[in-house]
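Written below as structure tokens is the structure these notes are about.
The values are calculated or read from the model by the stated rules, or taken from the named source; none is laboratory data. Every value quoted in this text rests on a predicted model; they were computed, and no experiment measured them. Note that we place each Cβ from the backbone using ideal geometry, even for glycine, and neighbour counts take in every protein chain shown.
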Amino acid sequence: MARIAGVVLPQNKRIVIALTYIYGVGDTRAKKICLNAGVDEGVRTKDLTEAQEKVLREEVEKKYRIEGELRRENMSNIKRLKEINCFRGTRHKKGLPARGQRSRTNSRTVRGNVRRTAGSGKRKLEKT
């Protein structure tokens, strides 16, 4: 059971894919980690030797900012933007797209999938 940076890597996946389960490690960085550690990208996680696992763990934890540390940094960057009341900070506060995307018809996931149409207003029927 390979455990790197507090994340248990899936056993039956290639190591280059399994490393992407770590927050802050994507495809490119996973390939670079395997290259620097001298581990074949095609080897499965369950087939890693203890030495290879140790080299990978050291490579990931020493050289890169990952998991909790990266999350804290991202949150502090967003908090700073909110505190200085810049445009991106106000968009984060309102829960809207912060990078110039259209928000009139798109961005449903950011806005919470709110669908407002012309006929969605509730009309009350009057009895006479």
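Assorted remarks:
- Against the criterion of being outside any helix (DSSP H, G or I) and of a type outside the set (Val, Ile, Thr), Glu41 qualifies.
- When Thr20, Thr90 are checked against the criterion of being under 22 Å from the mean Cα position of the chain (by Cα), modelled with pLDDT of 90 or more and farther than 30 Å from Ala2 by Cβ, a single residue qualifies: Thr90.
Yes or no, residue by residue, for (1) in contact (Cβ under 8 Å) with a residue 24 or more places away in the chain; (2) of a type in the set (A, V, I, L, M, F, W, C); (3) in contact with a His (Cβ under 7 Å, 6 or more places away or on another chain); (4) on the phi > 0 side of the Ramachandran plot:
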| site | (1), (2), (3), (4) |
| --- | --- |
| Val55 | no, yes, no, no |
| Glu59 | yes, no, no, no |
| Gly89 | no, no, no, no |
| Pro97 | no, no, no, no |
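- Consider the range 59-80 and keep the residues that are among the basic types (Lys, Arg) and within 13 Å of the chain's Cα centre (by Cα). The one that is surrounded by the most Cβ atoms within 10 Å (Cβ to Cβ) is Arg71.
- When Leu35, Leu125, Leu48 are checked against the criterion of being without any contact (Cβ under 8 Å) to a residue 12 or more places away in the chain and under 30 Å from Gln11 (Cα atoms), a single residue qualifies: Leu35.
- Odd one out for Arg88, checked against (1) touching a helix residue (DSSP H, G or I) at 6+ places or on another chain (Cβ under 9 Å); (2) in a loop (DSSP other than H, G, I, E, B): (2)
- Residues in the range 19-58 that are over 20 Å from Arg71 (Cβ atoms), surrounded by 20 or more Cβ atoms within 10 Å (Cβ to Cβ) and touching a Lys or Arg at 6+ places or on another chain (Cβ under 9 Å): Thr45 alone.
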